[in-house]
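Comments concern the structure below.
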Amino acid sequence: MLIRKRVKDMASTKSIEELKKEVDLIPDRPGVYIFRNRSGRVIYVGKAVSLPNRLRSYFQPRGLIERIRKMMEEAADLEYIITDTEAEALVLECNLIKEYRPKYNIMLKDDKSYPYIRVTVEEFPRVMMTRNLVRDGSRYFGPYPDVGAVKETLTLLRKLFPFRSCSDHRLAPRSRTCLNGQIKQCLGPCVGNVSPEKYREMIEQLVLFLEGKTREVEKNLHRQMKDAAERMDFEEAARLRNQLEALNRLKEQQRVAQATGKDQDVLAVGTYGDEVCVFLLRARGGKVVAQEHYFLSSAEETPAGEILASFIKSYYQSGREIPAAILVSSPVEEAELLEHWLADLKGSKVEIRFPKRGRGKELMEMALENAGLMAEQRYRRSLKTQEKGRTLVMALQEALGLEKAPRKLECIDISHLGGQETVGSLVCFTDGQPDKKGYRHYRIKAKVCGDDYAAIREVVRRRINNKDLPDLLVIDGGKGQLNSALEVLQQSDAPSLNVVALAEKEEEIYLPGRSAPLLLPRSHPGLHLLQQARDEAHRFALSYQEKLRQRRLKASVLTQVSGIGRKRQEALLRHFGSLARIRRASVEELASVPGMNRKTAESLYEFLKRDSEQS
């Protein structure tokens, strides 16, 4: 049972001293605690076997690392959730961190960008690349740092194991096979050329291959080839022989280190300056089959064991393959608790071990060396990038005659389609480099009908309502666009904000109080910074406009179904994320969406099925 309690009323904030006193009222139970800032944003999530004991440590005058000290300076609200067990608290902590992505928790910086190979659970399973992990029973392999490597792997797999590549969730029968079937890169289940049992047997070979168990694949192929020859099915035997030959060629090309016998992941932490890297070696079937590396945010000064615990939680909770053993470069304090959690996810025993000798120690030393090198390389690249950015910023300050260097620069662009669907975009550059945290989209509320000046006034007005203004605001356009922005600023509390406009055709820079534009040499670094910001704002606006257009098109398909109105359209798209996922959903899944019912779900399912068959 969970008991949720806020330490304070959200209508007001309390000082650290007041929060410290109220910690004494929290029961001595396991649970999760949540710190929020003054605006109510979650800034840290943690778990504890004893909530009051853990929380008191945050109010000690000394001993806090810099990250936690800053977090406590920002904290203005505390919430806690009592659980029955520490294991329950661990699951809840992982879910809350994934939902809120708090700024002071250790997080993977680029976790969302890597693709996976997905093997679906269907009568005739499909194999595809995906970036989304969905708990639908599918098997996922990866992540792979290189998209090109995934595509090459899929091409190789299709040659070795001719799986179907059609997008039908429920395989639609055909009168003749597709082109892949004609060139022998698909077994042709759509025309009945292969039974579900035979097809799934091939998919099992593919899964073994992805797990690195090529020896088992080879044995199975040998057995199948022998059986086919005994049945005098020489065409099937020849196909299996070709698969074996391709597999042997691949084995000759592989250069992988030998590991210990069981499946295991090796995790090592490397640091350099303020960069923290976790390097992962994935060993399957006695061989190192892959390596990955991840950079973590908010991990400076944090002990390696704590970093590894945070990494294990965030890495394995999203459906990634969990090995039988995880080797770590430093002892993990809560290893036993994590082992039980991982075992529940995997369905079998998982061991977390700090190797001190043998082959495991050799692999760990290799991983540690690579982790340190990765962290150092990123740190040095970051320094070079910062130096380049500062050069651009200083050059722009001098060219525009600004009193303060424009370390934080924002650029606004307006985009519309024939006067319709007008949108605004705002991008942020910090020290001359894109800062994605500051990017914003604006869907223009007023009926501007292609009036860029009115749209700019709305975006500027909405932007300055939020504080933390930039050192320089850049408007994509000429003198008219600049004057529109200045008009809003003069009526606000930010009339002194530096604003310029950049006209694209001749790259003319318009400044307040000057009738003639400023023309900088095309090679001027300050102009390059303005151009980068303008082009990025334009790209960002167009991407948002395309997203809105696609959403409208998807909604227009759904509106053709009786019983589906605007609210149900929005609920379906919000729940599934895309029309493609709605098409793949079962009647039960469609009916489970808030606002839907069984009858409407059946109508939608049948409509989408007919629509797919006709297209």
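Computed from the coordinates by the stated procedures, all read-outs in this text should not be read as laboratory data. Model, not experiment: these values are computed from the prediction. Methodologically, a virtual Cβ is constructed for each residue, glycine included, from the backbone with ideal geometry; neighbour enumeration extends over all protein chains shown.
Within straight-line reach of LYS20, meaning a Cα separation under 12 Å, sit the following aspartates and glutamates at least 8 residues removed in sequence or on another chain: ASP77. For GLU235, GLU201, GLU79, the sequence from fewest to most other C-beta atoms within 10 Å is GLU235, GLU201, GLU79.
Measuring against 21 Å, Cα to Cα, the residue pairs LYS213/LYS346; LYS262/LYS349; LYS103/LYS349; LYS198/LYS219 contain LYS103/LYS349 as the ones spanning a longer distance. Computed about the Cα centre, the dipole magnitude for region 264-377 is approximately 740 debye when only Lys and Arg (+1) and Asp and Glu (-1) carry charge, each at its Cβ. Each peptide in 526-533, 502-509 was scored by the mean count of other Cβ atoms within 10 Å over its residues; highest first, the order is 526-533, 502-509.
Ordering ARG359, ARG67, ARG38 from the fewest to the most neighbouring beta carbons within 10 Å gives ARG38, ARG359, ARG67.
Between the alpha-carbon centers of region 515-537 and region 309-340, tell me the distance in whole angstrom. Distance between centres, Cα-based: 49 Å. If the chain linking GLU362 and LYS262 were pulled fully straight, counting 0.36 nm for each residue of separation and taking away their Cα-Cα distance, it would gain 34.4 nm. Ordered by the number of other Cβ atoms lying within 10 Å of each residue's own Cβ, fewest first, GLU99, GLU22 fall into the sequence GLU99, GLU22. Averaging Cα coordinates gives a centre for region 412-483 and one for region 369-402; these two points are 27 Å apart. State the label only: which of (i) 27.1, 93; (ii) 29.3, 97; (iii) 28.9, 91 corresponds to Rg and Dmax of the Cα atoms in Å computed from the shown model? Of the listed options (i) 27.1, 93; (ii) 29.3, 97; (iii) 28.9, 91, (iii) comes from this structure. Taking Cα atoms only, the orientation of helix 86-100 departs from the longest principal axis of the chain by about 60 degrees. Taking label points 7 Å from Cα along the Cα-to-Cβ direction, ARG610 and LYS404 give a separation of 6.3 nm.
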